[in-house]
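Chemist: Questions regarding the structure given below will be posed in turn.
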Amino acid sequence: MTTATPKAVAAALAAQHERRVPPLGGLNATFLRLEVRRSLRNRRTLIFLFVFPVVLFALIAGPQINKHIDGPGSPSIGPYIMISMAVYGAMVACTSGGAMVATERALGWSRQLRLTPLRPAAYVATKLLTAMVLGLIAVLVMMVVGALFGVRMPAHIWVLSGLAAWLGAIVFAAFGLFVGYLLPAENAMQFIGPLLGIMAFFGGLFQPVSTMGHSLQIIAKFMPVYGVGVLARSPLTHESVDAVAIVNMLAWVVVFGFGAMLLFRRDTKRV
Amino acid sequence: MTNPTPPPGPDGLLAVDIRGVTKRFGPVTAVDDMTLSIEPGEIVAFLGPNGAGKTTTVDMMLGLSRPNAGIVRIYGRRPVDAVARGEVAAVMQTGGLLKDLTVAETVRLTSTLFAHSRPVDEVLERAGISEIGNRLVGKCSGGQQQRLRFALALLSDPLLMVLDEPTSGMDVEGRRDFWAAIREDAERGRTVMFATHYLDEADSYADRIVLIRSGRIVADGTTAEIKAMASGRSVRATLPDADTAALSALSGVDDVEVRGDTVIVRGKDSDGVARYLLTQTRARDLEITTHNLEDAFLALTSDDEAPAGAIPLERTAS
C-alpha cells in the first residue's frame, strides 16, 4: 500500500476501537450533575423552589414560632409550619424537575438526545433523580432556615420528617413527568406553579386540615399532597399515621407514574 | 428493486445499505421503494427539493423512524444499534439545544452518554468553536449553534456522519466556514452523507450526487458524471418526418426526441447538429439552448410525472 485512500482510512477508523454500548443505557453521574446545575441556574426555579417557601414560612410562622397550635401539649407552630413548607418546597422542586421534559421536548433536545446512545428509560431515570436531588435541596434549605429562625425539635424528628418530606415528594416527581409528557410547552411550570399552590392549599400545607371546614377536610384527603404532608408531620404530631394518608400517597404515585409511563411510551415510540 | 446495488466493499460492509425501502405517512408515500448503497469513505449529497423525502430517509437511517417495507443497515447494523455504538452521528435540522447550558457544557454532557468519546476540547477545536466554550447556547448565533451540533456529532468519532440541511438559515460566510470544517473532517476518511436543496453545495462538496424526487432516486452518479451529462445543449427545430436514425448517428448526439413536427436533439456538438439540420434537411425555426446542473436538477426533480426535457442519466432509476 502506497497512499492511504479514503477507503483504507475509513476501514482503519472502523477498526480502531471495539465499539461498545454505554452501561446503564447512558445513565451517569456527570450527566446528573450537569442537569442539577442547569436547573439551579434558572432564576425563576430558584425563586419558586427556595425563596417562596422560605418567605411563606417567615410570614406565617415568624411571629409565633414557639406558640402552640392547639393549646399546651400540642406541637408548636414553628416546626409544624416548617415541615409543611419543606413538603411544599420539595413538591415544587420535584414537579419542576420532572416537568423539565416538557421544555426539552418543546426545544427538540429530546430529539437531539435520540442521536446518542442514551436510552429513553435512562433519560427518564435521570430526570427522576434530578427531581429528587432538587427536592432534597429544597427540604434542606427549609430546615436550615427554620433552625436559623429558632425552630427546635429533637434530632430524630428533624431526620424522620425531613426524610418523609423528601421521599414522599416522589409523588410530585412522577406528577412532573406526567405533565411534562402531556404538555410540550417550554413554559410548562407557569401553568403548573399556580396549580401546585392550589393543591398545597387544599391539601393542608398552608393550614392544618383539622382547622378546615368539614367539606374541605374531605377534599383535603383526596389531594395528592395530603399523604406526604401527614407522613412528614407525624413524627412531630405523634399522630398515628392513618391508612388514608398511606393509601392517598400510594394511589397518586401509581396514577402519576402510570400516566407518565403511558405518555412516555407514546412519545418514544418509533413510527 | 429499481436501482442496481454496487457490490459491497472488500470487508463486505457498506456504510449505508438501503434496500427496497418504502415509508408511508397515511395516504402519502414519502419514500417509494428506494435502494441506495454508500461505500465507506464516500461523500454523498442527497439532493432534492423540499418534500422529496430526504429527511424521511435520513430519519430511517438514524433509527428515528421505521420503514413500512425494506431494510436499512448502517455498517451492517440496524440503525438504532449503530447509534448506540456511536457509529453514526448526525446534524439534524430539528435537533434542539438547551439554552441554559454553555457550549462546552453541552458537549461535556453529551460526551458522557457514549461508551467512547473524543475529548471535549478536541471536538470544540475541530468544529471551530473553542473560543465560545463558555457562552450560553441561548446567546449563540444560528451558525454557532449549528457548529455546536457538528461538535456533538464528532464526539463519538462516527464512521458515518449524516447532515440534514446543515446550512439552512446560515449566511454565505457561515456556510463556507461550516463546509470547510466538514470537508477537512471528511478528508480523514469518514463517510459523509448530506441532504441539501442547495445545488452549489452538492456541486462543491460531494463526490457523488443522488438526486431524489417524490421519494424516488431519479439520478445517481459522481458529481463529474452528472455535470457532464448536464452540460450538453439541445437543438430544437421544426422538421416534419425527421429521420431519427440519421440524427442519432451524428457525432456527439446523446438523445433524439420527436414531438409532432418538432425534433429535439441533445448532445455535446450542437454546432454540428445545427449545421446538419440546416444544410441536409428542411428544418426551420432552429433554436439552441444550453443545459447546466440547475436545468438537470429542475428537470429531474420537478413534480411532473414525465418532466419535459428530462435528461437521461446513467444509473437512473424509474
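Any read-out appearing in this document is the output of simple, stated calculations on the displayed coordinates, not a laboratory observation. Keep in mind the model is a prediction, meaning the values are calculated, not measured. Because the Cβ atoms are built from the backbone with ideal geometry, glycine has one as well, and the counts that use them run over all protein chains shown.
Chemist: So if I take the alpha carbon set of the stretch B:35-87, get Rg, then get Rh from the Kirkwood formula, what is the Rg over Rh ratio?
Modeler: Computed over Cα atoms, the ratio is 0.96.
Chemist: A further question follows. State the Cα centre-to-centre distance between the stretch A:193-223 and the stretch A:154-179 in whole Å.
Modeler: 18 Å
Chemist: Let me ask you something else. By count of other Cβ within 10 Å, fewest leading, how are A:Tyr181, A:Tyr88, B:Tyr205 ordered?
Modeler: Sorted ascending by nearby Cβ count, the order is B:Tyr205, A:Tyr181, A:Tyr88.
Chemist: Along its three principal axes, how long is the stretch A:42-146 when you only count alpha carbons? Whole Å, largest extent first please.
Modeler: So the extents along the principal axes, rounded to whole Å, are 62, 24, 18.
Chemist: Please work out, to two decimal places, the log10 of the ratio I(q)/I(0) at q = 0.08, 0.16 Å⁻¹ from a Debye calculation in which every Cα of chain B carries one identical scatterer.
Modeler: Taken in order of the listed q values, log10 I(q)/I(0) reads -0.44, -1.25.
Chemist: Enter the angle in degrees (range 0 to 90, nearest 10) between the Cα long axis of helix A:224-237 and the first principal axis of the Cα atoms of chain A, meaning the one along which they spread out most.
Modeler: Roughly 50 degrees between the two axes.
Chemist: Can you check what the Kirkwood hydrodynamic radius comes to for the stretch A:45-93, Cα pairs only, in Å to one decimal?
Modeler: Final number for the Kirkwood radius of the stretch A:45-93 is 11.1 Å.
Chemist: Relative to the longest principal Cα axis of chain A, at what angle does helix A:155-168 sit, 0 to 90 degrees, rounded to 10?
Modeler: That works out to roughly 50 degrees.
Chemist: For the stretch B:28-139, what is the Kirkwood estimate of the hydrodynamic radius, computed as the reciprocal of the mean inverse distance between distinct Cα atoms, to one decimal in Å?
Modeler: 16.4 Å
Chemist: Largest first and to the nearest Å, give the Cα extent of the stretch A:90-168 along each principal axis.
Modeler: Result, largest extent first: 52, 19, 15 Å.
Chemist: Can I ask one more? Between beta-carbons, use under 11 Å as the cut-off and find the net charge around B:Arg118, counting Lys and Arg +1, Asp and Glu -1.
Modeler: -3
Chemist: Within 12 Å, Cβ to Cβ, of B:Asp157, how many net charges do the neighbouring residues add up to if Lys/Arg are +1 and Asp/Glu are -1?
Modeler: My count for the surroundings of B:Asp157 gives +3.
Chemist: Taking the Cα-to-Cβ direction at A:His156 and at A:Arg43 and moving 7 Å from each Cα, how far apart do the two end points lie in nm?
Modeler: Placing both labels 7 Å beyond Cα along the Cβ direction yields 4.6 nm.
Chemist: Using the Kirkwood radius over C-alpha pairs as Rh, can you work out the diffusion coefficient of the protein assembly as shown via Stokes-Einstein at 10 °C, viscosity 1.306 mPa s, in µm² per second?
Modeler: 57 µm²/s
Chemist: Scaled to the compact-protein estimate 2.2 N^0.38 Å, what is the alpha-carbon radius of gyration of the stretch A:24-268, rounded to two decimal places?
Modeler: Dividing the Cα Rg of the stretch A:24-268 by 2.2 N^0.38 Å gives 1.02.
Chemist: Regarding the stretch B:123-167, what's the average projected area of the Cα-atom convex hull, expressed in nm²?
Modeler: Result: a mean projected hull area of 3.3 nm².
Chemist: If you add up the charges near B:Arg175, with Lys and Arg at +1 and Asp and Glu at -1, over every other residue whose beta carbon is less than 11 angstrom from its beta carbon, what do you get?
Modeler: The answer is -4.
Chemist: May I have the convex hull volume per residue, in Å³, for the Cα set of the stretch B:232-290?
Modeler: 64 Å³
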